[in-house]
Amino acid sequence: MVEARGLDHVVPLINGSTVPVDDTADFVVVGSGAGGGTVARWLAEAGHDVIIVEEGAPPRAAANTADAVATLYRDGGAQAAFGMDVLPLLQGCAVGGTTVINGAIQVPFPEAVYREWVAADPAWGSLLPWRQLEQARERVDAALNIHATPRDLWGGNGSAMRRALGSEAHPTRRNVRGCKGSARCMIGCPNGAKQSTDVAMIPAAMSHGARVYAQCAVQKITVIGRRARGVSARFSSGATGTFHARRAVILAAGAVHSPWLLLRSGVRVGAGFTCHPGAAMAGLFPDAIHNRPEASQSMESLAYLAEGIKFESLLMPSALQKARVPGVGEQLTRRVAQLDRVALWGVAARAQARGRVMRGPFGPMVLYTPTVADRRILLKGLARLAVAMFDAGAVEVWPSVHGAPDVIRSREQAMRIADLPPGAGAIPMVATHLFGGVPVRERFQVPGVDGLVLADASLFPTNLGVNPMSAITAVATVVAEAWA
Amino acid sequence: MKTVLRALVPGYEGQPLAPYLPAHIRLALRMSVLLAVPYSLYMHWRPFSLLSASQREQVLDAMAHSSLAPVRGVVQWWKLVAWTTSCH
């Protein structure tokens, strides 16, 4: 047993092992992010013996963006879905999973989406009753200290969005405690203020006896006689880990790795993958706008959810912000020098496209291509954002959309973005909200295997259209209640 | 790789093929540089490494505005690699 220092807290855990490990518990939880961390805490608090197996290491304060990407992101941030568009899939790989690197936005499970699920398959009504889901959300909201971003952390970026969209925009609800507005959510909060699961859930689980094995990648689920008995894993040192489950194996490795582990274990799934792709719009303002503390994502708009559009303000570490600046060479350098005057806003589309998670030569492989309709939604959203930027006082907008000029200077030009051809590769997209579409039956078990449970977004049959952490933690809470 | 990234981001100093990247990603990054060769030969009849700074910029600008989405995507990827491996 070693102690691994987290961001501002000390967590006792087994961080890697050079000797084989064999351990047994009531529940083996694979993954420690929004789903795994949550389900582990509630089960441990209910008195069950819990093991958490996590591929990543405990997060530590990153020295810079490169360090953060190297230590906190899966595949060093290079994971992507392949299809007609190459779509980066950003996921965390650390104790705390993607909750360590997300923007901390918490949007409750949209009731309209829930109604869709029940209409398509009435079994959701009994598996995941809305009332229980709401109670679970309230329980998680309290645990993660979720509240609206205060005005002093809106910053210039968020305030400009509020000015442009008026009552259509509102401050984001975030899981933070004592946020200092350092705008480093996406590379791991340097102040330990973000209530990611490594801060808010896993230490609580450990105080009730849960054991965490970090830097330990699960290779396969052990299924004997149609029942999940445990998992076999490998530490980064090469040592093996064998973990036995008396009651259930709970998969919460994310919408890519949970289906992949099921495939490796002989369960045929993976065809329901979908995601919530987003694109960003940069605008140059006459004066500096990044001159005070600001939350990474302080403002959002849910006013266009019915059209599949969500807007949010974005303030990323400068290295990531610079990658969004158009141009090459000296022209790029000149534009980057104005970065303190550049606002960045994002649009995410409730894409309908379906992809597939497969077993690839280097691990999971995701095939996914947004439909033409999905790209049209994004173009429509980007056009609205560009117009809003001019309304907020921008002097230039940098759309980074193929077919549009590098720099546009009027509302009329901005409106024409919506009419650009929605061809493959026209919009540089990124997806951080991933959903698996893996079917589940009673108590969230995978069909055909008893005691093999899903507790992450891999069980979501559709794209939520909003940031999923709040929904995942609420669903994981219901999963825990089903097994407690 | 560094030659291309220095043309893309003047003053670039970093380690583009960072050891933390999976081997197949490092290989893909290394291979992607070959994309600049046909563009530089077509535009200036010389390999990329023998071009002047302004000619290199012209080549990269042409790639950034290519009608081929994968070529544009590669330039965007290089940009991300350049900033995340050199800027703090």
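So here's what we get for this one:
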item	result
Subset of segment A:402-431 (residues that are in contact (Cβ under 8 Å) with a residue 60 or more places away in the chain and either in contact with a Pro (Cβ under 8 Å, 6 or more places away or on another chain) or under 22 Å from A:Tyr304 (Cα atoms) (or both))	A:Asp406, A:Val407, A:Gly425, A:Ile427, A:Pro428, A:Met429, A:Val430, A:Ala431
A:Leu332 more than 18 Å from the chain's Cα centre (by Cα) and at pLDDT 95 or above	no
Segment A:381-395: number of residues that are charged (D, E, K, R) and crowded, with 20+ Cβ neighbours inside 10 Å	1
Subset of segment A:265-303 that is closer than 23 Å to A:Arg354 by Cβ and not in a strand (DSSP E or B) - its residue that is modelled with the lowest pLDDT	A:Gly270
Residue, farthest from A:Gly83 (Cα to Cα), within segment A:367-389, restricted to residues that are in contact with a Gly (Cβ under 9 Å, 6 or more places away or on another chain) and assigned to a loop (DSSP other than H, G, I, E, B)	A:Pro370
Every residue from segment B:55-64 that is facing another protein chain (nearest Cβ under 8 Å) and either among the β-branched types (Val, Ile, Thr) or free of Cβ contacts under 8 Å to residues at least 40 places away in the same chain (or both)	B:Asp61, B:Ala64
Single residue of segment B:7-22 satisfying the filter (more than 8 Å from chain A (Cβ to nearest Cβ), surrounded by fewer than 18 Cβ atoms within 10 Å (Cβ to Cβ) and not acidic (Asp, Glu)) that is farthest from A:Asp67 (Cα to Cα)	B:Leu17
Subset of segment B:25-50 (residues that are surrounded by fewer than 17 Cβ atoms within 10 Å (Cβ to Cβ), under 18 Å from B:Thr85 (Cα atoms) and not aliphatic (A, V, I, L, M))	B:Arg30
Per-region count, segment A:397-438, residues away from chain B (no Cβ under 14 Å) and surrounded by fewer than 19 Cβ atoms within 10 Å (Cβ to Cβ)	9
Selected residue [over 20 Å from A:Ile408 (Cα atoms), within 22 Å of the chain's Cα centre (by Cα) and in a strand (DSSP E or B)] from A:Pro364, A:Pro259	A:Pro364
Given (1) surrounded by 13 or more Cβ atoms within 10 Å (Cβ to Cβ); (2) among the basic types (Lys, Arg); (3) away from chain A (no Cβ under 12 Å), index of the condition B:Arg72 fails	(3)
Matching option when the condition is at pLDDT below 95 and of a type in the set (Ser, Thr, Tyr), among A:Ser126, A:Ser182	A:Ser182
Residue check for B:Tyr20: within 13 Å of A:Ala78 (Cβ to Cβ) and touching a Ser or Thr at 6+ places or on another chain (Cβ under 8 Å)	yes
Strands (runs of 3 or more DSSP E) contained entirely in segment A:390-465, each with at least 1 residues that are more than 24 Å from the chain's Cα centre (by Cα) and more than 21 Å from A:Arg268 (Cα to Cα)	A:396-398
Segment A:262-278: number of residues that are in contact (Cβ under 8 Å) with a residue 12 or more places away in the chain and out of contact with any strand residue (DSSP E or B) (no Cβ under 6 Å at 6 or more places or on another chain)	5
Answer from A:Ala343, A:Ala373 - the residue that is at pLDDT 90 or above and either within 14 Å of another protein chain (Cβ to nearest Cβ) or farther than 21 Å from A:Phe435 by Cβ (or both)	A:Ala343
Residue in segment A:219-233 that is among the hydroxyl-bearing types (Ser, Thr, Tyr) and assigned to a strand (DSSP E or B) present	yes
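The values are calculated or read from the model by the stated rules, or taken from the named source; none is laboratory data. Owing to the predicted nature of the structure, the values given are computational and were not obtained by experimental measurement. Using ideal geometry, Cβ is built from the backbone for each residue, glycine included, and neighbour counts are taken over all protein chains shown.
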